[in-house]
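Following: one structure in structure tokens, then a few remarks.
The values are calculated or read from the model by the stated rules, or taken from the named source; none is laboratory data. Fair warning: this is a prediction, and the values are worked out from it, not measured in the lab. Cβ coordinates were reconstructed from backbone atoms using ideal geometry, including for glycine residues, and neighbour counts include every protein chain displayed. Side chains included, ligands, DNA and RNA excluded: accessible areas come from the protein's heavy atoms. Shrake-Rupley method; radii C 1.70, N 1.55, O 1.52, S 1.80 Å.
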Amino acid sequence: MKYDQFPATKILEVSSINSADAKLFITDNQADLVMVSGTSLLKKNILEIQLPVGIINLHTGLSPYIKGSPNCTNWCIASRQFHLIGNTIMWIDAGIDSGDLLCTAIVKFTGNESLSDIHIKVMEEAHALYLQTVKSMGSNTLQRVKQNSIAAGTTYYSKDWNYKQKRRLLKNMRYFNKEVNTAEYLNKMASIVTVNIQ
């Protein structure tokens with residue numbers, strides 16, 4: 001997809017983010033910062049690139065509480081942890097959504113959302129958070145909050161996202177509409193530690 005308002009820039013399309021072409025593209029363009037979103041895990045050949053700022057990742061899950069794949073919003077609904085739906089911007093490392101945190105944010109809902117509405121809202125707020133984080137980098141000290149200083153959390157895996165989990169997700173949408181913004185939901189949300197942009 002092309003965007004008329006997107007500034008003219010070099011574009012490289014690759015089948016793997018870890019390809020030699022991707023590494024050469026980063027180094028040849030003398031990047032200060034690499035922003036990752038929706039890719040497979042980065043491997044050593046990319047992680048070892050020395051960058052003035054580093055590599056950051058947009059994770060549509062609330063780390064350290066919810067990590068993994070294929071979709072943390074769906075895992076929150078399937079596990080009936082609606083209060084943990086949120087987004088994270090982190091420094092990337094070799095693990096699964098395990099890097100030090102730059103910022104996190106809970107996504108708030110009215111309780112009237114459909115499953116599609118939930119995903120759209122999560123993504124819209126994720127992109128806004130990513131842009132706010134990058135804008136803050138020019139004038140602020142870049143924080144690195146260790147995830148284990150907040151909580152251990154749960155890592156979910158694509159291999160476990162099966163028919164049973166999909167049924168639970170659809171069943172739990174009935175509870176989502178009833179439970180969001182109840183006193184219990186708000187109390188659970190209030191107990192969550194988030195990391196604000198500095």
#### Entry: Residue match in the stretch 30-37 (condition: open to solvent by less than 20 Å² (accessible area, probe 1.4 Å), in contact (Cβ under 8 Å) with a residue 24 or more places away in the chain and either touching a Gly at 6+ places or on another chain (Cβ under 7 Å) or within 18 Å of residue 124 (Cα to Cα) (or both))
yes
### Task
Collect the residues in the stretch 139-174 that are part of a helix (DSSP H, G or I), in contact (Cβ under 8 Å) with a residue 12 or more places away in the chain and of a type in the set (S, T, N, Q), keeping them in residue-number order.
147, 148, 158, 165, 172
## Note on the structure
Reported set for the stretch 145-174 where residues are among the basic types (Lys, Arg) and surrounded by 12 or more Cβ atoms within 10 Å (Cβ to Cβ) is 166, 168, 171
### Task
Consider residue 93 carefully, then state whether it is at pLDDT below 95, over 11 Å from the mean Cα position of the chain (by Cα) and closer than 22 Å to residue 46 by Cβ.
yes
### Summary
Selection from the stretch 43-83 of residues surrounded by fewer than 20 Cβ atoms within 10 Å (Cβ to Cβ), of a type outside the set (Ser, Thr, Tyr), in a loop (DSSP other than H, G, I, E, B) and within 21 Å of the chain's Cα centre (by Cα) yields 43, 53, 70, 71, 80, 81
### Message
Only one of 181, 187, 177 is open to solvent by 60 Å² or more (accessible area, probe 1.4 Å) and not in a helix (DSSP H, G or I). Can you tell me which?
### Response
181
### Task
May I ask you to list the residues in the stretch 89-137 that are more than 25 Å from residue 173 (Cβ to Cβ), open to solvent by 10 Å² or more (accessible area, probe 1.4 Å) and β-branched (Val, Ile, Thr)?
92, 96, 134
### Query
Hey, any hits in the stretch 123-135 for a residue that's in a loop (DSSP other than H, G, I, E, B) and either touching a Pro at 6+ places or on another chain (Cβ under 7 Å) or closer than 25 Å to residue 184 by Cα (or both)?
no
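Considering only the stretch 22-42, state which residues are assigned to a strand (DSSP E or B) and either among the small types (Gly, Ala, Ser) or over 21 Å from residue 11 (Cα atoms) (or both).
Of everything in the stretch 22-42, just one residue is assigned to a strand (DSSP E or B) and either among the small types (Gly, Ala, Ser) or over 21 Å from residue 11 (Cα atoms) (or both), namely 37.
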